[in-house]
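The values are calculated or read from the model by the stated rules, or taken from the named source; none is laboratory data. As the structure is a prediction and not an experimental result, all values here were calculated from the model. Note that we place each Cβ from the backbone using ideal geometry, even for glycine, and neighbour counts take in every protein chain shown.
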Amino acid sequence: MESQHGTYALVLAAWTDTQLQVGKLGRLHVASGLYVYVGSAFGPGGVRARVAHHQRRAVRPHWHIDYLRTVTQLLAVCYTYDAQRREHQWAEAMLQMRGASIPLARFGASDCACATHLVFFRGCPSWLTWQRTLRRLGRPHMSFSWPQRAPQAGRPSNQQQPSATEGLGKAPKHADGYMDD
Ligand SMILES: [Zn+2]
């Protein structure tokens with residue numbers, strides 16, 4: 001992962017239902033399932049620094065996502081190095097996927113017109129569909145990283161990907177099967 005600017009999506013799993021106060025935004029009922037959060041990294045250190053931040057659980061939460069990270073597991077990161085901010089477009093595309101819903105309005109989207117930058121999937125979206133959706137919006141150099149698989153330094157990222165037919169990790173409880181289309 002490089003220090004270049006770009007857009008990223010975090011795939012997070014919540015294994016149990018819980019209640020979470022997200023700063024001043026409000027109370028989020030965290031249902032077990034998958035959450036996809038999209039953001040962009042245009043500050044110092046770019047995508048690498050931002051993803052490193054998200055890999056840790058913040059002691060003092062600052063962004064909305066910092067609160068959600070305290071109760072979820074980071075399964076995967078998808079990112080692209082691109083001078084154009086793509087998070088709004090990605091958030092909209094995620095919301096249009098089957099099984100998607102808005103867990104808390106304006107989450108991560110205080111400064112834009114989006115309904116949310118956090119999308120909830122009660123089941124487990126098909127990895128293939130998800131990847132296809134993002135690739136359609138991204139650029140050819142779109143990359144995927146799987147922190148839970150402890151990637152080795154210098155290894156090309158495509159060797160860390162699961163097969164295209166695999167789901168996004170193990171489906172949390174309530175999962176009603178893969179949603180292929
Ligand atoms: Zn937005």
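Which condition does residue 38 not pass, out of (1) over 18 Å from residue 14 (Cα atoms); (2) within 12 Å of the ligand (Cβ to nearest atom); (3) outside any helix (DSSP H, G or I); (4) of a type in the set (A, V, I, L, M), if it passes all the others?
With respect to (1) over 18 Å from residue 14 (Cα atoms); (2) within 12 Å of the ligand (Cβ to nearest atom); (3) outside any helix (DSSP H, G or I); (4) of a type in the set (A, V, I, L, M), residue 38 is out only on (1).
Please enumerate the residues belonging to segment 47-62 that are among the charged types (D, E, K, R) and either in contact (Cβ under 8 Å) with a residue 40 or more places away in the chain or closer than 12 Å to residue 8 by Cα (or both).
Listed by number, the residues that qualify are 48, 50.
Listed here are the residues, each with its yes/no results for (1) assigned to a loop (DSSP other than H, G, I, E, B); (2) modelled with pLDDT under 95; (3) of a type in the set (Asp, Glu); (4) under 14 Å from the mean Cα position of the chain (by Cα).
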position	(1), (2), (3), (4)
3	yes, yes, no, no
7	no, yes, no, yes
20	no, no, no, no
28	no, no, no, no
34	no, yes, no, yes
60	yes, yes, no, no
68	no, no, no, yes
74	no, yes, no, yes
77	no, yes, no, yes
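Can you tell me which residues in segment 95-111 are over 18 Å from residue 62 (Cβ atoms) and either in a loop (DSSP other than H, G, I, E, B) or near the ligand (Cβ under 8 Å from one of its atoms) (or both)?
96, 97, 98, 99, 102, 103, 105
Just to be sure I understand the filter: pairs with C-beta atoms under 9 Å, separated by 6 or more residues or on different chains, first member in segment 79-105 and farther than 26 Å from residue 2 by Cβ, second member of a type in the set (Ser, Thr, Tyr) and away from the ligand (no atom under 15 Å from the Cβ). Which pairs pass?
95/101; 96/133; 97/129; 97/133; 98/129; 103/35
Give the number of residues within segment 31-68 that are crowded, with 18+ Cβ neighbours inside 10 Å and in contact with a Phe, Trp or Tyr (Cβ under 9 Å, 6 or more places away or on another chain).
Of the residues in that region, 17 qualify.
Applying the selection to segment 112-123, what residues are modelled with pLDDT of 95 or more and either more than 10 Å from the ligand (Cβ to nearest atom) or within 18 Å of residue 29 (Cα to Cα) (or both)?
Within segment 112-123, 115, 116, 117, 118, 119, 120 qualify.
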